[in-house]
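Visitor: Quick one: this structure, given as structure tokens, is what I'll be asking you about.
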Ligand code: ADP
């Protein structure tokens with residue numbers, strides 16, 4: 001609470017009283033704090049790959065180029081770091097468009113079975129590479145649901161790619177759609193490393209990761225879940241994570257179903 005005192009002056013008499021103004025600035029300060037933290041995080045996330053790129057470029061300059069194998073490896077590192085930075089900037093731009101409501105949703109009817117089969121297809125190569133089995137389960141009669149297909153594809157891609165990133169070889173990923181309390185609930189469940197309880201509450205925060213080094217090594221930006229949450233929120237739904245450390249994780253998001261008295265915004 002911010003308190004300001006203003007004395008009341010009367011000519012000749014002098015000060016006759018004081019006006020005290022009590023202002024609740026908690027929310028303002030929290031917003032300012034979040035904003036500052038975000039800017040610091042962005043700077044740090046961009047600086048890390050840039051310093052790596054600089055040192056590898058210097059090493060190439062100072063002779064590594066003369067050794068073809070070493071040179072090739074260093075160029076590979078530079079390329080990977082650049083790719084990650086491009087992903088990071090793309091994610092940041094996407095978030096900023098979602099924050100400012102600049103890109104209105106393009107809502108259209110989408111066949112849920114096709115939606116889920118397509119995401120499984122997009123990842124089938126990577127699944128095979130890691131010997132991860134995937135299953136798509138759809139409750140009968142769901143049919144088409146109103147949504148922005150591109151944006152929901154992005155949510156699914158982020159969730160399935162997390163499942164892939166954090167599930168060891170030989171595991172499995174299940175993508176499921178069902179009706180739940182007048183909503184469509186879509187979940188992505190894996191048999192991966194899981195998330196410790198203490199991190200679960202903060203996992204949707206921008207740049208929050210359980211293990212920063214691991215996420216970076218996997219090419220993660222730390223923004224995937226925040227983007228997913230913003231997209232789901234824009235559709236009038238919610239997204240939650242349940243996880244058991246060492247056993248697996250299930251991410252579930254909901255979308256309003258037609259004729260259930262809730263309209264997508
Ligand atoms: P990242 O790019 O780091 O994957 P996300 O926002 O997608 O960023 O996820 C944030 C963090 O949540 C990850 O760094 C990881 O620690 C944790 N996480 C997300 N999904 C899973 C999952 N399926 N299994 C285990 N950990 C997960």
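The values are calculated or read from the model by the stated rules, or taken from the named source; none is laboratory data. Just so we're clear, the structure is a prediction, and the values are computed from it rather than from any experiment. Note: ideal-geometry Cβ built from the backbone for every residue, glycine included; neighbour counts use all protein chains shown.
Visitor: Can you pull out the residues in segment 143-157 that are within 15 Å of the ligand (Cβ to nearest atom) and either surrounded by 20 or more Cβ atoms within 10 Å (Cβ to Cβ) or free of Cβ contacts under 8 Å to residues at least 40 places away in the same chain (or both)?
Guide: 155, 156, 157
Visitor: Kindly provide the set of residues from segment 179-219 that are more than 9 Å from the ligand (Cβ to nearest atom), buried (at least 19 other Cβ atoms within 10 Å of the Cβ) and within 16 Å of the chain's Cα centre (by Cα), ordered by number.
Guide: Within segment 179-219, 187 is the sole residue that qualifies.
Visitor: If you scan segment 125-142, which residues turn out to be surrounded by 12 or more Cβ atoms within 10 Å (Cβ to Cβ) and not in a strand (DSSP E or B)?
Guide: Selection gives 126, 127, 130, 132, 139, 142.
Visitor: Do any residues in segment 240-265 that are on the phi > 0 side of the Ramachandran plot and modelled with pLDDT of 95 or more have Cβ atoms under 9 Å from those of residues that are within 16 Å of the ligand (Cβ to nearest atom) and in a loop (DSSP other than H, G, I, E, B), where the two are at least six apart or on different chains, and which pairs are they?
Guide: 248/167; 248/171; 248/191; 248/192; 248/193; 248/194
Visitor: A further question follows. For segment 1-119, please list each of the strands (runs of 3 or more DSSP E) lying entirely inside it that holds at least 3 residues being more than 30 Å from residue 178 (Cβ to Cβ).
Guide: Result: 2-10, 14-23.
Visitor: Could you tell me whether any residue of segment 158-178 is surrounded by fewer than 17 Cβ atoms within 10 Å (Cβ to Cβ), near the ligand (Cβ under 9 Å from one of its atoms) and under 16 Å from the mean Cα position of the chain (by Cα)?
Guide: Looking through segment 158-178, none of the residues is surrounded by fewer than 17 Cβ atoms within 10 Å (Cβ to Cβ), near the ligand (Cβ under 9 Å from one of its atoms) and under 16 Å from the mean Cα position of the chain (by Cα).
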